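Here the structure is laid out as C-alpha cells; the discussion comes afterwards.
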Amino acid sequence: MVHTFSAVSRDAWGRRWSAVLFTLMTGIAGSAVGFLASLVGNAVTRTIPIMPTSRLALVVVVGAAITSSTELGWTHIHFPQRDRQVPSAWRARFGRSTTAAAYGLLLGGAVLTRIPYATTYFFLVVAAVSGTTIGIMLGMLYGISRGLASALPSMLIEGELVPEVTEQLMRLGPAVRYANGTYLATIAFGMVTLLLTNA
C-alpha cells in the first residue's frame, strides 16, 4: 500500500493528486463504517436498560483496557482479522484516479483489509455506542488518519525517495503500537477516575 503512489504516477503532480484523492476516499469510507457501526450499536443497545452516558463510559473503559493490553503486549487477544491488502494488480488494470480512489475505499473501510493495530477495534466499539453523528465523525477521523499514514510521503517528498522513506516509517511500527497502548491505558484510567468521582 505504501508504495502505491510512486508506482501509480511518475510525475509529481499526478502522484500528489493520487495521494490526495486516496486520502479523501479513506475519509469517506471511514465515515461509512462509523455510520454503520452506530446503526448496529443503536439496534443492540435499545435492548440494554442502561443510561446512555453510563453505557458509553463502561464501553470506553472496557474497550480501552482490552485494546491497550493487547497493544502493549500484556495479553495476546486474537481479534477478527482479514489477512489481505489492496490488490496490486489494480495499478496496471485501472487508471491512476480510479486506482487511488478504490485503494482509499478499501483501506478506509477498516475491516476490508488487514488491521495492523488493535486500536481499530476500540474505534469501532466507541463509534457503535456514540450515536450516528459522533460515529460518522470518528469514522472520518479514523479513515483520514489511516490514509495519511500511507499517502503523506508521496505528498511531501520526491517520487524516487518515497519507497526509502516509507521503509523507514514502517520501522516505527513497534513505537506506534506502544504509543497506541499508552494513550488507550490513559483513557481507561481517566474514565475509571471520572466514574468513581461521580459515583
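The values are calculated or read from the model by the stated rules, or taken from the named source; none is laboratory data. Owing to the predicted nature of the structure, the values given are computational and were not obtained by experimental measurement. Glycine gets a Cβ as well: all are built from the backbone with ideal geometry, and neighbour counts include every protein chain shown.
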| query | Name the pairs: first residue in region 87-101 and over 10 Å from Ser18 (Cβ atoms) and touching a residue at least 12 places away in the same chain (Cβ under 8 Å), second residue crowded, with 16+ Cβ neighbours inside 10 Å and of a type in the set (Gly, Ala, Ser), Cβ to Cβ under 7 Å, at least 6 apart or on different chains? | reply | Trp90/Ala102; Arg91/Ala7
| Every residue from region 142-169 that is modelled with pLDDT of 85 or more and either among the β-branched types (Val, Ile, Thr) or out of contact with any Ser or Thr (no Cβ under 9 Å at 6 or more places or on another chain) (or both) | Ile144
| said: So if I check each of Ile28, Ile115, Ile77, Ile66, which one is over 22 Å from Leu141 (Cα atoms), within 19 Å of the chain's Cα centre (by Cα) and modelled with pLDDT of 75 or more? | reply: Ile77
| request: Being touching a residue at least 24 places away in the same chain (Cβ under 8 Å), among the β-branched types (Val, Ile, Thr) and in a helix (DSSP H, G or I) is the filter here, so list the residues in region 105-132 that pass it. | output: Thr119, Val125, Val126, Val129, Thr132
| note | Restricting region 83-104 to residues that are within 19 Å of Gly173 (Cβ to Cβ) and of a type in the set (D, E, K, R), the one surrounded by the most Cβ atoms within 10 Å (Cβ to Cβ) turns out to be Arg84
| query | For region 63-102, what are the residues that are among the β-branched types (Val, Ile, Thr) and assigned to a helix (DSSP H, G or I)? | reply | Ile66, Thr67, Thr70, Thr98, Thr99
